[in-house]
Amino acid sequence: MAYIELDRGIWVLIADGEKALFLKNKGDVTYPDLTLVCEMHEENPETREQGTDRPGRYRDATGAHKSGFEETDWHRIGKERFATEIAERLSMLAQRDRFQKIILVAPPLVLGELRKHFAKDVLDRIAAEVPKTLTNHPVAEIEKILQAS
């Protein structure tokens, strides 16, 4: 992972499949001061709590063989949908010129899903990506973790 500089004014997105924190550094590289700009939440219970039916079954044309359909992973679909919403929000903020550079911090699955939906104006502003889950860490600890990266 490349060295991360928390320049003054840089934004940091801390996200996972259910929560996103948009932070802005009001400090400098030596003494960062990440401040919450906005927050997004998505209720996304585990698939077992969302699905109620058993997976479907079907017979082949001869009727001799029976097969089952794979159960839908509603939790993963929710994460993907939420990543799309985050990407749309970042695109809107970039169009309004609210940030010049941004660091993305999210689990690999979420980072990959975000990349699929980013507009060029957001892609051009990404300074670094950190494949970690930090949404439940206090901001002061996030600052230390990013400085150590």
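The values are calculated or read from the model by the stated rules, or taken from the named source; none is laboratory data. Please read these numbers as outputs of a predicted model, since none were measured by experiment. Positions of Cβ are backbone-derived with ideal geometry, glycine not excepted, and every protein chain shown enters the neighbour counts. Please note that ligands, DNA and RNA were not included when accessible areas were found on the heavy atoms of the full protein model with its side chains. Shrake-Rupley method; radii C 1.70, N 1.55, O 1.52, S 1.80 Å.
Evaluate E = 1/(1 + (r/R0)^6) for L36 and R76, where r is the Cβ-Cβ distance and R0 equals 41 Å; express this FRET efficiency to the nearest 0.05.
Values: r = 27 Å, r/R0 = 0.67.
Efficiency, rounded to the nearest 0.05: 0.90.
The alpha carbon gyration tensor of segment 75-143 gives principal lengths a ≥ b ≥ c with a/c of 1.5 or higher and a/b no greater than b/c, which makes the shape oblate.
Each label point was placed 7 Å from the Cα along the Cα-to-Cβ direction; for A119 and K101 their separation is 2.3 nm.
Suppose accessible area is computed on protein heavy atoms with a 1.4 Å probe; arrange M92, M40 from highest to lowest.
Details: M92 70, M40 20 Å².
Accessible-area ranking of M92, M40, largest first: M92, M40.
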